[in-house]
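Asks: Structure in structure tokens, see below.
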Amino acid sequence: MLLDNSEVETIAVQLVDVSESKMTAKTENNEMIQIKPSAIAKNDKSFWQSMKDIAKAKIWLPVTKGTHQLLQYDWLSATPSL
């Protein structure tokens, strides 16, 4: 699920494994966590290919600290207005 709430506390992760239905990521503290994709993302082939490409490039992503969900935006772009 992609979230767009600017009040959400985030952590940086790097994807280390992307399979057909789940993603494993490493935090800056070398902790391994599971990233939880949304129900829509689970069936989106382009989403999974993008995640595999991001993992291969070793790009750091922002995820929510508590629920480990991907954000709608990254920390370099402005938070979208609702």
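Asks: Give me, ordered by chain and number, the residues 5 or more places off Asp17 or on other chains with an amide H under 5 Å from its own placed amide H.
Replies: Placed amide hydrogens put Thr24 under 5 Å from Asp17.
Asks: So what is the relative contact order of region 10-64, in percent, for Cα pairs below 8 Å that sit 6 or more residues apart?
Replies: Details: 77 pairs, mean separation 24.6, N = 55.
Taking the mean separation of contacting Cα pairs over the length of region 10-64, I get 45 percent.
Asks: Rounded to whole Hz and in sequence order, give me ³J(HN,Hα) for region 50-67 from the Karplus expression 6.51 cos²θ - 1.76 cosθ + 1.60, θ = phi - 60°, writing x for Gly and Pro.
Replies: 4, 5, 5, 5, 5, 4, 5, 7, 6, 7, 7, 10, x, 9, 5, 5, x, 9
Bear in mind these aren't lab numbers, they're just calculated from the coordinates by the rules spelled out. These figures come from a predicted structure and were not determined experimentally.
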